[in-house]
1. Return a yes/no flag: does segment A:130-139 have any residue that is in contact with a strand residue (DSSP E or B) (Cβ under 8 Å, 6 or more places away or on another chain), at pLDDT 95 or above, among the acidic types (D, E) and open to solvent by less than 30 Å² (accessible area, probe 1.4 Å).
2. Would you check if A:L199 is among the aliphatic types (A, V, I, L, M) and in contact with a strand residue (DSSP E or B) (Cβ under 8 Å, 6 or more places away or on another chain)?
3. Counting just the residues of segment A:248-259 that are part of a loop (DSSP other than H, G, I, E, B) and touching a helix residue (DSSP H, G or I) at 6+ places or on another chain (Cβ under 7 Å), which one comes out most open to solvent (accessible area, probe 1.4 Å)?
4. So which residues in segment A:391-404 are part of a strand (DSSP E or B) and over 16 Å from A:G347 (Cα atoms), if there are any at all?
5. Check A:E82, A:E56 and return the single one that is within 15 Å of RNA strand B (Cβ to nearest atom) and more than 18 Å from A:D312 (Cα to Cα).
6. Could you check, for segment A:415-429, whether at least one of its residues is open to solvent by 20 Å² or more (accessible area, probe 1.4 Å) and under 26 Å from A:I34 (Cβ atoms)?
7. Looking at (1) surrounded by fewer than 20 Cβ atoms within 10 Å (Cβ to Cβ); (2) assigned to a helix (DSSP H, G or I); (3) at pLDDT 95 or above, can you tell me which one A:Q116 breaks?
Amino acid sequence: MASPPPSSRQDHVFQAPTGTRDFYPAELNRLRYIQDAWRRTSISHGFDEIDGPTFEHLDLYTVKSGEGIVSELFSFERFGGEKKFALRPEFTPTLARMYASKAGSLPKPTKWFWMQNCFRAERPQRGRLREFCQWNCDIIGDDSAAADVEVLACCIGMFQALGLRSTDVRVRVNDRGVVAGILEQSGVKAERVGEALSLLDRRAKIDAPEFAKIATAIGLDVKRYDGALAAYVDVAPSYKRLRDDLNSAGIGDWVAWDFGIVRGLAYYTGMVFEVHEASSAERAIAGGGRYDKLIEMFGGPPTPAVGFGMGDVVLSLVLQDKGLMPSDDEIAGRLGLRPDVFVISNGTPEADAAVVPTLAGLRREGLHARRSYKSSKNIGKLLGDATKARARFALIIESGTAGQIKDLDENTQVKIELAHVAELLRSEK
RNA sequence: GUGGCUGUAGCUCAGUUGGUUAGAGCACGAGAUUGUGAUUCUCGGGGUCGCGGGUUCGAGUCCCGUCAGCCACCCCA
């Protein structure tokens with residue numbers, strides 16, 4: 001049964017749902033600023049943008065993550081329908097599905113990126129919301145270490161584009177295959193390696209006695225494991241190879257090997273990485289790795305893949321922490337949102353009448369033209385409006401045919417025929 | 001799912017042991033000052049004090065509940 005409206009009077013205050021955000025112009029521009037860096041970086045690194053549905057069949061998500069995931073999803077069914085759906089909590093299942101269904105005709109490697117919103121039914125807290133924007137970059141069909149490095153290079157290239165330096169964030173890399181090998185040398189049977197990896201992932205969070213207790217139960221000799229790691233770091237071929245490749249890509253000083261990085265997900269098979277603010281000030285900025293079995297899990301041919309995901313929420317916090325989020329004016333400028341011209345009248349009847357046709361003419365020329373909606377004839381106040389609109393020029397109309405064009409950045413002003421304004425402005429763009 | 005803190009105008013806040021019609025600054029709008037991004041001045045719109053109960057002659061203020069926000073735990077694809 002549908003419930004009745006709250007009241008016939010308008011006494012109900014509508015609020016945005018928990019964990020969602022309203023983006024007013026300034027906030028949306030800040031998101032666009034980040035998305036702009038994501039998109040530019042992806043494209044310059046050779047990735048093609050893709051997109052899929054905002055919601056999928058529920059079982060697409062339970063295939064990979066199990067039934068336990070359902071409580072973290074926004075799921076629903078159509079009225080009278082039988083199928084269950086869920087808003088996407090991530091993009092990887094959709095990507096795997098999309099790749100699997102056209103695998104035969106796609107090039108190897110296929111390099112795709114994606115940046116849209118995701119939904120997770122979690123309790124919001126710092127750095128985590130119920131709706132957020134995520135950026136994914138994936139290389140599918142290439143099992144080489146070079147592909148791993150290419151993905152890392154794209155991620156790091158984005159940080160550079162936003163003004164972050166190698167001292168601001170730490171990219172910590174590990175290899176699950178290496179760790180699994182050492183675990184087996186340290187007494188863990190092959191079928192319990194997954195459990196052991198999960199334990200290692202939690203190592204920093206639980207206290208030493210509890211860690212030791214679980215380790216013993218799994219058969220892990222912690223002393224041997226730690227010793228083997230220490231010995232391994234200096235000689236590991238995968239480590240050296242990665243180091244060399246990162247150095248030749250010019251990003252060697254961004255990355256550090258860290259055996260503690262395992263990632264909670266079961267499906268990672270090789271290289272894994274996480275990015276944190278250098279002093280661990282926020283939660284993880286990004287994470288990713290190699291997932292060579294996932295495509296076949298979604299019905300495709302056996303296909304190696306490597307990629308990462310990054311959300312806008314933590315990244316924004318880190319940029320703010322570091323003072324790297326530009327001012328609203330600067331962002332508007334970089335996004336190309338500054339009006340080319342702000343049209344005002346000097347208050348005479350002929351000039352007033354010329355405002356609308358002048359605006360229309362400038363817009364027909366493809367220019368970004370704005371006006372004041374104030375009723376004041378005070379030129380100072382109208383110029384104040386032009387400044388607030390961040391306009392590049394102000395056009396003060398003085399008659400039906402002429403006026404003054406003022407460069408608001410340089411504070412210079414010249415007379416001009418209205419017929420020549422568009423030409424001048426185009427030459428200044 | 002569990003716990004802590006906080007809710008007064010769009011924003012930042014004031015509001016006396018509970019006592020008239022809830023205030024200020026900023027922002028927004030109108031106007032004055034003979035037409036240049038400033039300053040100053042005048043005026044204005046905007047709140048059922050998050051919401052709902054309770055105590056009281058009387059609640060923004062005290063009590064209970066609830067909702068929301070923030071933060072932490074769980075989890076983190």
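The values are calculated or read from the model by the stated rules, or taken from the named source; none is laboratory data. If you're wondering where the values come from, they're calculated on a predicted model, not measured in any experiment. Ideal geometry is used to build each Cβ from the backbone, glycine not excepted, and the neighbour counts take in all protein chains shown. With ligands, DNA and RNA removed, areas are computed over all heavy atoms of the protein, side chains included. Shrake-Rupley method; radii C 1.70, N 1.55, O 1.52, S 1.80 Å.
1. Yes: segment A:130-139 contains one or more residues that are in contact with a strand residue (DSSP E or B) (Cβ under 8 Å, 6 or more places away or on another chain), at pLDDT 95 or above, among the acidic types (D, E) and open to solvent by less than 30 Å² (accessible area, probe 1.4 Å).
2. no
3. A:A249
4. Start the filter on segment A:391-404 by keeping residues that are part of a strand (DSSP E or B), which leaves A:393-397, A:402-404.
Selection gives A:F393 alone.
5. A:E56
6. Checked against the condition, which is being open to solvent by 20 Å² or more (accessible area, probe 1.4 Å) and under 26 Å from A:I34 (Cβ atoms), segment A:415-429 yields at least one hit.
7. Failed condition: (2).
Residue-by-condition table, conditions (1) over 22 Å from A:E423 (Cα atoms); (2) open to solvent by 70 Å² or more (accessible area, probe 1.4 Å); (3) more than 8 Å from RNA strand B (Cβ to nearest atom):
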| position | (1), (2), (3) |
| --- | --- |
| A:V355 | no, no, yes |
| A:T358 | no, no, yes |
| A:E365 | no, yes, yes |
| A:K374 | yes, yes, no |
| A:N378 | yes, yes, no |
| A:R392 | no, no, yes |
| A:L395 | no, no, yes |
| A:I405 | no, no, yes |
| A:D409 | no, yes, no |
